[in-house]
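This report concerns only the one structure given below.
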Amino acid sequence: MTTISAPPPRTTRYAVAPGALPLLGHAVPLARRPQQFLTELPKYGDLVEVRLGRRPAVMVCHPELIRRVLLEPRTFDKGGPLFDKAEELVGSGLFAATWEPHRRQRRMMQPGFHRARMPGYAAVMQEEIAALLDGWTDGRECDIRHEMHTVTLRIAARTMFTNPVSSHAAAEVQECMPIINRGVYKRMVAPTALLEKLPTRENREFALAHERMRQVVDETIGQYRSAGIDHGDLMSILIGTVDEESGQGLSEEEIHKQVMTLLAGGMETTANAICSTLHLISEHPEVERRLNEELDEVLAGRPATFEDIPRLDYLYRVLYETLRIRPPVWLLTRMTTSDTELGGHPIPRDTIVLLSPYLLHHNPELFAEPETFDPDRWLPERVDDITEAAMQPFIMGNRKCIGDKFALTEAILVIATILARWSLQMIPGAKREPLPEATLGPGPLPMRLSRRAAAGGAAAPTAERATGCPNQGGQP
């Protein structure tokens with residue numbers, strides 16, 4: 001993909017976002033209408049000061065200034081309210097670790113996400129997708145968000161552990177993660193930490209969900225260690241990996257943090273990306289028609305395999321456009337480690353720096369008609385007009401998502417296998433109340449399942465369990 005870079009602004013516009021309240025700052029719009037609030041900020045400046053309670057933070061709006069922040073991780077290090085609160089869930093694992101620990105952890109975990117492992121992971125994905133669809137019936141009404149969280153949880157668990165986690169552990173993770181994600185976001189934008197200490201129902205639920213997650217993960221690690229078998233999966237890699245520079249392995253606490261990080265990231269963000277894609281497809285009949293034509297030609301009603309992925313060009317564009325319009329990772333924070341500058345404007349040490357892929361992806365100066373769902377904007381002949389730093393679903397630089405290929409493979413296999421045999425439509429009048437969370441998704445998705453005909457008019461076959469490992473194929 002060839003892209004061009006937008007020149008940095010000649011004169012950086014620095015502004016203060018209006019509407020801050022005493023003590024509360026911008027907590028109200030960040031809690032009630034965060035995406036709308038973010039997309040309004042670029043009209044004020046390239047760097048816009050917002051208030052997180054009484055504490056100032058700088059939102060970076062220009063893509064080339066964002067590029068600099070992401071490519072200078074020692075100066076703009078992990079930190080700020082998002083990572084402070086995320087650390088409550090995953091500790092200083094790969095997601096929340098600062099520069100030096102992150103460098104070591106990423107080096108040790110990278111083998112688990114090598115390209116050569118993707119066909120094996122895809123085989124696990126096929127089995128779990130088939131298991132999910134085995135329970136679907138024509139005319140059934142269900143919450144697709146629940147269904148997608150179930151399957152991504154099972155996939156995350158099975159790629160972490162060779163044997164599927166117990167039904168108890170799976171149920172615990174599935175129930176706890178949405179509570180924790182909502183709690184992390186609310187704590188991030190809260191004007192004072194005192195609010196999270198109040199004995200409210202939400203705070204009690206968050207504390208209980210956090211403790212239940214810790215117990216489940218610790219129990220699973222203990223059971224896995226006691227077996228003493230190298231299964232060649234992610235847990236075996238975490239236990240057996242040795243840092244090439246220090247000659248040391250991961251400690252027990254570090255393994256716990258990485259398991260929490262991978263389970264949380266592998267389940268929530270991918271599930272939300274899949275849900276958003278299915279929802280947007282259902283709202284755009286022409287996109288659904290073109291996608292059905294491609295799926296019928298490539299799959300003819302059978303489940304998708306790893307080797308099919310390079311042939312699903314239109315599906316990839318649909319998914320990538322979804323990642324633009326609804327990026328699961330929609331808000332990030334950094335902390336400056338020294339006095340620095342951005343676009344000539346001084347940024348003191350210990351300044352909170354905010355980055356938002358959602359803000360970038362919805363900026364009309366970067367994307368024509370940004371609110372329009374247009375998969376064809378990712379055709380090769382059109383993508384040259386898109387600034388490289390403007391599209392950040394997986395973040396650039398050394399913090400780029402370690403599982404981006406894994407997530408794209410999983411999402412394509414899930415969406416392709418479902419839509420090759422099923423049509424999903426929103427239930428008219430169904431109540432939906434999306435809530436601001438640490439990751440962005442469409443919220444509850446009450447949809448009706450309708451079995452569709454495969455290519456040639458024959459009824460699509462029921463789900464067949466995938467066996468064995470598919471042949472090597474291209475990567476998304």
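Within segment 377-389, being modelled with pLDDT of 90 or more and surrounded by 14 or more Cβ atoms within 10 Å (Cβ to Cβ) holds for Arg377, Trp378. Counting the residues of segment 341-357 that are touching a residue at least 40 places away in the same chain (Cβ under 8 Å) and open to solvent by 30 Å² or more (accessible area, probe 1.4 Å) gives 3. Listed conditions (1) at pLDDT below 85; (2) assigned to a helix (DSSP H, G or I); (3) open to solvent by less than 30 Å² (accessible area, probe 1.4 Å) are all met by Met148, apart from (1). Annotation note: Cβ proximity below 9 Å between a residue of segment 264-283 that is within 15 Å of Arg448 (Cβ to Cβ) and a residue that is assigned to a helix (DSSP H, G or I) and acidic (Asp, Glu) (sequence gap 6+ or interchain) occurs for Ile281/Glu288; Ser282/Glu288.
If you filter segment 18-46 down to residues that are farther than 13 Å from Ser356 by Cβ and in contact with a strand residue (DSSP E or B) (Cβ under 6 Å, 6 or more places away or on another chain), you find that the one that is surrounded by the fewest Cβ atoms within 10 Å (Cβ to Cβ) is Tyr44. Total residues in segment 226-260 satisfying the condition of being open to solvent by 90 Å² or more (accessible area, probe 1.4 Å) and not β-branched (Val, Ile, Thr): the figure is 6. Filtering segment 294-339 to residues that are open to solvent by 30 Å² or more (accessible area, probe 1.4 Å), within 16 Å of Gln392 (Cα to Cα) and in a loop (DSSP other than H, G, I, E, B) leaves Arg326, Val329.
This table checks each residue for (1) touching a His at 6+ places or on another chain (Cβ under 7 Å); (2) under 27 Å from Cys401 (Cα atoms); (3) modelled with pLDDT of 80 or more; (4) in a helix (DSSP H, G or I).
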site	(1), (2), (3), (4)
Thr2	no, yes, no, no
Arg10	no, no, no, no
Leu82	no, yes, no, yes
Glu88	yes, yes, no, yes
Glu100	no, yes, yes, yes
Arg104	no, yes, yes, yes
Arg107	no, yes, yes, yes
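Summed over segment 402-442, the residues that are under 28 Å from Arg187 (Cβ atoms) and free of Cβ contacts under 8 Å to residues at least 60 places away in the same chain give a count of 5.
Residue pairs whose Cβ atoms lie under 7 Å apart, sitting 6 or more positions apart in sequence or on different chains, and linking a residue in segment 115-135 that is farther than 18 Å from Met235 by Cβ to a partner that is among the acidic types (Asp, Glu), are Ala130/Glu464; Leu132/Glu147. Sort out which residues of segment 213-255 are closer than 18 Å to Pro111 by Cα and not in a loop (DSSP other than H, G, I, E, B), and write them in order of number. Of everything in segment 213-255, those that are closer than 18 Å to Pro111 by Cα and not in a loop (DSSP other than H, G, I, E, B) turn out to be Leu234, Met235, Ser236, Ile237, Leu238, Ile239, Gly240, Val242, Gly249, Glu254, Ile255.
If you go through segment 408-440 and pick out every residue that is under 25 Å from the mean Cα position of the chain (by Cα) and open to solvent by 20 Å² or more (accessible area, probe 1.4 Å), you end up with 11. When residues in segment 276-322 are screened for being farther than 13 Å from Ala416 by Cα and not charged (D, E, K, R), 9 of them pass. Of Val173, Val216, all but one fail to be modelled with pLDDT of 80 or more, aliphatic (A, V, I, L, M) and closer than 23 Å to Val124 by Cβ; the exception is Val216.
The lone criterion from (1) under 24 Å from Ser450 (Cβ atoms); (2) surrounded by fewer than 23 Cβ atoms within 10 Å (Cβ to Cβ); (3) in contact with a helix residue (DSSP H, G or I) (Cβ under 7 Å, 6 or more places away or on another chain) left unmet by Arg289 is number (3).
The values are calculated or read from the model by the stated rules, or taken from the named source; none is laboratory data. Everything quoted here is computed from the prediction, not taken from an experiment. Cβ atoms come from the backbone with ideal geometry, glycine included; neighbour counts cover every protein chain shown. Protein only, heavy atoms only, side chains kept; ligands, DNA and RNA dropped before computing areas. Shrake-Rupley method; radii C 1.70, N 1.55, O 1.52, S 1.80 Å.
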